[in-house]
Amino acid sequence: GLQGFNVTAPHKLTAASLCDELSETALLTGAANTVRLRAGRWQGHNTEVGGLREVMAASVGAHTQARGMVFGAGGVARAAVAALLDLVNGGVRVMARAGQGRDGLAAWLAEDSFASCDVRCVPWGSVPADLWDGPGLVCVACVPRGVDCSFLTDAPAAPAILWWLDMNYGERTAVPPGVAQQAYRDGLAVLLAQGALSFTWWFDRDAPRRAMADAVAAR
């Protein structure tokens, strides 16, 4: 009787490869966090792109000239790249730790979909000089809790951090040095937004967002 399910890290790329059909955002990212069964075919979708767009559009609208920075190489990092390319005009840089994940991310960014985009990988722990240009950075950290990204803000003449989204949620992580408290968000709002988009995709009706928000607030 199973008709659909959500997928979490680290299985989103694998889920996409196993689906019979993929939505536009799942095709773009190569990652599926939402799956449904229709007419005997498994369909994969990525609602994290839409969830990130919703949350960032509401909070980052004043910083569209900034450059985007993404930490991580998994499915949510790919969604963050896609969302930032729609939002900021200064290009996007991605830092990922060495390994199979980073190799896969670099290959993904080399695809034709990004041929005209200002997006590229930079070495983990580095602060390329071009990050200092422009009004500052909009950052999305898509790494496990405990992975330290503070080297970005500790660097000499570090770029200004305009907004920092940590995709971990629930137990609040420490605000990185150099990031103003009011500019920091955890990933709970994105979890809620992408969950609502998944609900709509499964059931073809509006999600009960108020009830969902109340349930999250009461946890």
- Does any residue of region 180-196 turn out to be aromatic (Phe, Trp, Tyr) and within 20 Å of Arg36 (Cβ to Cβ)? no
- Note on the structure: Pairs returned, first residue in region 1-22 that is charged (D, E, K, R), second residue that is open to solvent by less than 70 Å² (accessible area, probe 1.4 Å) and in a loop (DSSP other than H, G, I, E, B), beta-carbon separation under 9 angstrom, 6 or more apart or interchain, are Lys12/Gly30; Lys12/Ala31; Lys12/Ala32; Lys12/Asn33; Lys12/Asn46; Lys12/Gly74; Asp20/Gly40
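One line per residue, one yes/no per condition, for (1) at pLDDT 90 or above; (2) more than 10 Å from the chain's Cα centre (by Cα):
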residue: Gly74; (1), (2): yes, no
residue: Arg78; (1), (2): yes, no
residue: Ala83; (1), (2): yes, no
residue: Val94; (1), (2): yes, yes
residue: Arg97; (1), (2): no, yes
residue: Gln100; (1), (2): no, yes
residue: Trp108; (1), (2): yes, yes
- Task: Give me the pairs, please: first residue somewhere in region 67-88 and closer than 13 Å to Phe114 by Cβ, second residue anywhere and of a type in the set (Phe, Trp, Tyr), beta-carbon distance under 7 Å, and either six or more positions apart or on two chains.
- Result: Arg78/Trp108
- Mind counting the residues in region 9-26 that are exposed (fewer than 15 other Cβ atoms within 10 Å of the Cβ) and assigned to a helix (DSSP H, G or I)? 4
- Message: Can you tell me how many residues within region 164-219 are more than 23 Å from Gly72 (Cα to Cα), open to solvent by 40 Å² or more (accessible area, probe 1.4 Å), hydrophobic (A, V, I, L, M, F, W, C) and outside any helix (DSSP H, G or I)?
- Response: 1
- For Gly1, state whether it is within 19 Å of Asp118 (Cβ to Cβ) and not in a helix (DSSP H, G or I). no
- Message: Can you pull out every residue in region 135-161 that is under 13 Å from Ala180 (Cα atoms), surrounded by fewer than 21 Cβ atoms within 10 Å (Cβ to Cβ) and hydrophobic (A, V, I, L, M, F, W, C)?
- Response: Ala160
- Query: Any idea how many residues of region 58-92 are among the charged types (D, E, K, R) and surrounded by 23 or more Cβ atoms within 10 Å (Cβ to Cβ)?
  - Reply: 2
- Message: Criterion first (open to solvent by 20 Å² or more (accessible area, probe 1.4 Å), of a type in the set (Val, Ile, Thr) and within 21 Å of the chain's Cα centre (by Cα)) does Val122 satisfy it?
- Response: no
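The values are calculated or read from the model by the stated rules, or taken from the named source; none is laboratory data. This is a predicted model, so every value here is computed, not measured. Using ideal geometry, Cβ is built from the backbone for each residue, glycine included, and neighbour counts are taken over all protein chains shown. For accessibility, only protein heavy atoms count, side chains too; no ligands or nucleic acids. Shrake-Rupley method; radii C 1.70, N 1.55, O 1.52, S 1.80 Å.
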